[in-house]
Structures are given as structure tokens and as C-alpha cells.
Number of protein chains: 2
Amino acid sequence: MLKLYYAAHSCALATHIVLEEVGADYSTVRIDFASGQQRSPEYLEVNPKGRVPALATDRGILTETPAMLAFVAQSFPAAKLAPMDDPFAFAEVQAFNSYLCSSLHVAHAHRMRGHRWVDADDAAAIAAMQRKVPESVGAGFDLIERDMLKGPWVMGERYTICDPYLFTLAQWLEKDGVDPARIPRVIDHRRRMSERAGVRKAIAQELA
Amino acid sequence: MLKLYYAAHSCALATHIVLEEVGADYSTVRIDFASGQQRSPEYLEVNPKGRVPALATDRGILTETPAMLAFVAQSFPAAKLAPMDDPFAFAEVQAFNSYLCSSLHVAHAHRMRGHRWVDADDAAAIAAMQRKVPESVGAGFDLIERDMLKGPWVMGERYTICDPYLFTLAQWLEKDGVDPARIPRVIDHRRRMSERAGVRKAIAQELA
């Protein structure tokens, strides 16, 4: 059985949704960031990076959202959530998810996790990073709106593992200071995603 | 035919090495960062992100190193550079490459590309980021040394698309202020990689 380690309001939601939507037999373990549980010796045994998500499988632990999403898609091929048999189409899926992971999520992280990249007690530098977030996250969403979101789903007619991931990162954009009015297609995608049964169930479970 | 857009000393080298090692029929286009060519209208037509690498294929443009590496591996299955038929093993490959892309490369980028995350004219914040790079990049390499590099190759006995990517990012560690003595296994991996014919050829071509 699969076991997902997550924190509320984190990017683990993307994998949670996909596990729900493929009908996987899985359980969840909540990691409490407020008490620093992600850096506890017990959790570092699971994931030495001290981050979520992590996915325990029969063969070991997996980390990194793009890898976990493709793993679930490939393990449940009947759900057809990634075009594994088409190298170009699969690479497009991977490129989208890699952009979310390495650019959009990273830009967002400069609001709350600036201590990763400057000394934690450098209040001026931390504040300088936070001031830039509306622009850097906004530019990422502009690019998605204009060049990457094909519609109605990210990859076009076919719903893929890109959709729950975009939805997950789009949860944060208002707090990041991005005006939703500038990205109507992203907002419409977020609304349609929020109506899916698996999405509702995953969110309800995380907030319970 | 495949066409790789690259800049010298960039992460495009990873894909360049893999194209060389699989024996692909490919050409290269050098993008000159010194003159800002990555933001020229012509290049933005290729890659609206204004970054390298990009890979032109018969079906369109691909970006993002993890996606491009898996694409080349999947397109040239005889080279056996990724265990595409084993979801868990492939996810381990992807998790490694995703970590390089979203954590290690991002930490490194705070030395030269801090303007992505603070105002470009905020010299104090830019300098604060640069001061943290030896620690943040060093921590990433420590994790790889201790927990991720199985040896002799990243994934163990089998050489994969993880190896050229690790080698590429390991080019920069001295300039990032990381003492090579603390990561002997990474340094040994880098040395063995540098002796491969395809690696030598890709580097020579980029520096010609």
C-alpha cells in the first residue's frame, strides 16, 4: 500500500489528488510544520531532505512531486494521466511539471522560506525577497496563461498529471500578491479543478 | 533532426552529453548570454522563458532539463539510459534529476541570478544571497554525497541520465565556494565522467 507524507497547504496536495483520482489504495501521514516535525529524526529517516511530500511504496521512498506524479500515472495506466508511450507528449508533461517545481514553486517559496537562500536573521534581505514575490510569481503565471495552458486542460483535451499540480500551486497566488484578474484562464482552470470529486475529497482529508 | 540551443557553462551541457552518448543526429545553436541573446525576439520565439536549454524536435520545442533528458533516453531506448519500463526505478531517476533542477541548481543560481528573486538594484540583498551560496549549495552536495549517489553511478551499477546532469552541476561547485574535500564521492564521480569520450566531445564543442 502507498503512504503519502504531506503537510496541509503544501504541494503534496498534487500527489494526493492523483492518488485519489486513480483509485489507489493509500493512506496519509500528516507532518506538522508548525512544530518542525519535518526535521524530526523519525521523519528524516523517511526523507533526509526534511521536506514533503514523500511517498512510501513497497520498494522504498519516493520524493519530488514531478517524479511522484509520473510514478502514480505509470503505476495506474488505466487512468491515462500521462502519455507514457509517446516520448514527445510525455516530455511536454514533464516540462510543464518541471517548470512548476523549479521556477513557479521556487518563486513562491521566497515569501515564506527565504532563509533557504539568505541568513535567517537578515531581516532586510528576507523582506527584499518577499517584496519581489508578486512580480516573480506573477510572471510565472503570466507565462502559463499565455504560452503553456492549452485548455481546457493544461495539455489540451486530455486531463493529465499537470492539472492537479497547476491547481495546487494556484492555491497560493492571492497570498503571493498576484491579481487573479490578470490570469483568467488559470483561474477558470482552478475553478473547474475545484469541482472534481477527487480534488474535493483530498482537500477535505487534508483539512480535517 | 534534433537541435539543441545551449549557452556555454550552462546546464544545457547535460542534454548535450546525452545526445552525444546515444549517438543522436543533432546540431547545436549557441546562445550568447553576454549580449542577452536569450531575451532576443528570435530566441523568445523558440523558448518564451528566455532560458536555455531548449531542444527543437520534429514535433516542436522542448524545454526543462529533466524533461529533455528523459525524452532523449526514451527516444533512444537501445542506450538504456533510463529504466522506462520500471515505474519505481524510473521515479528514482526522476526524483534525482528533479532535485538537481529545483534545489541544487536553484541554490547555485542565487550567486549569479539573484535578480530573479529580489530587485536587481538591491545590492545588499543580492550580496546576502551570494554569501549564502557556499552553505546552500554545499548542503545540497552533502545530501547527494551521503544519501543519493549510490555508486559507482548515481543509480548504482547502471549509468543513467542522472550522471551527466550531476556532472554538469558539479562543474560549478568550486566557484560556488564548496570545498571539494567534503564530497569525495561526488568528486570521484566527476573525474570518471570527465574521462568519457562523449563528455569530452560535448565540452570541446561548447568551448570551441
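The values are calculated or read from the model by the stated rules, or taken from the named source; none is laboratory data. This is a predicted model, so every value here is computed, not measured. Because the Cβ atoms are built from the backbone with ideal geometry, glycine has one as well, and the counts that use them run over all protein chains shown.
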What are the residues in segment A:127-156 that are more than 9 Å from chain B (Cβ to nearest Cβ) and among the β-branched types (V, I, T), if any?
-> A:V137, A:I144, A:V154
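Look at A:I183 and say whether it is in contact with a Leu (Cβ under 6 Å, 6 or more places away or on another chain), in contact (Cβ under 8 Å) with a residue 12 or more places away in the chain and closer than 20 Å to A:V106 by Cα.
Here the answer is no, as A:I183 does not meet what is asked.
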Can you tell me which residue among A:R185, A:R191 is touching a Gly at 6+ places or on another chain (Cβ under 7 Å) and not hydrophobic (A, V, I, L, M, F, W, C)?
-> A:R185
Evaluation of B:T15 against (1) assigned to a helix (DSSP H, G or I); (2) away from chain A (no Cβ under 13 Å); (3) polar (S, T, N, Q) (one fails), failing number | (2)
Taking segment A:1-54 and keeping residues free of Cβ contacts under 8 Å to residues at least 24 places away in the same chain and within 17 Å of the chain's Cα centre (by Cα) leaves A:K49, A:G50, A:R51
Cross-chain or 6+ apart pairs with Cβ under 7 Å, segment B:148-169 first and of a type in the set (D, E, K, R), then modelled with pLDDT of 95 or more and surrounded by 17 or more Cβ atoms within 10 Å (Cβ to Cβ) = B:D163/B:W153; B:D163/B:V154; B:D163/B:M193
Of residues in segment B:190-208 being surrounded by 17 or more Cβ atoms within 10 Å (Cβ to Cβ) and under 27 Å from B:R146 (Cα atoms), the one farthest from the chain's Cα centre (by Cα) | B:R196
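Conditions tested, residue by residue: (1) touching a helix residue (DSSP H, G or I) at 6+ places or on another chain (Cβ under 6 Å); (2) over 17 Å from A:N97 (Cβ atoms); (3) basic (K, R).
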residue: B:I31; (1), (2), (3): yes, yes, no
residue: B:S35; (1), (2), (3): no, yes, no
residue: B:G50; (1), (2), (3): yes, yes, no
residue: B:D58; (1), (2), (3): no, yes, no
residue: B:L62; (1), (2), (3): yes, no, no
residue: B:T65; (1), (2), (3): yes, no, no
residue: B:F71; (1), (2), (3): yes, no, no
Given (1) under 12 Å from the mean Cα position of the chain (by Cα); (2) more than 9 Å from chain B (Cβ to nearest Cβ), number of the condition A:Y99 does not satisfy | (2)
Among (1) crowded, with 23+ Cβ neighbours inside 10 Å; (2) within 13 Å of chain A (Cβ to nearest Cβ); (3) under 16 Å from the mean Cα position of the chain (by Cα), the one test that B:W117 misses = (3)
Any chance segment B:24-36 includes a residue that's in a strand (DSSP E or B), under 29 Å from B:L81 (Cβ atoms), among the aromatic types (F, W, Y) and at pLDDT 95 or above?
-> yes
Output the number of residues of segment B:55-71 satisfying the condition of being farther than 19 Å from B:F167 by Cα, more than 7 Å from chain A (Cβ to nearest Cβ) and buried (at least 18 other Cβ atoms within 10 Å of the Cβ).
-> 2
Residue ID - nearest to the chain's Cα centre (by Cα), chosen from residues in segment B:74-88 that are surrounded by 17 or more Cβ atoms within 10 Å (Cβ to Cβ) and within 9 Å of another protein chain (Cβ to nearest Cβ) | B:Q74
Sole exception among (1) surrounded by fewer than 23 Cβ atoms within 10 Å (Cβ to Cβ); (2) without any contact (Cβ under 8 Å) to a residue 24 or more places away in the chain; (3) not basic (K, R); (4) not in a helix (DSSP H, G or I) for A:A127, by number = (4)
Options B:I187, B:I161: the member that is over 15 Å from the mean Cα position of the chain (by Cα), at pLDDT 95 or above and not aromatic (F, W, Y) = B:I187
Within segment A:45-53, can one find any residue that is of a type in the set (D, E) and either more than 10 Å from chain B (Cβ to nearest Cβ) or surrounded by fewer than 16 Cβ atoms within 10 Å (Cβ to Cβ) (or both)?
-> yes
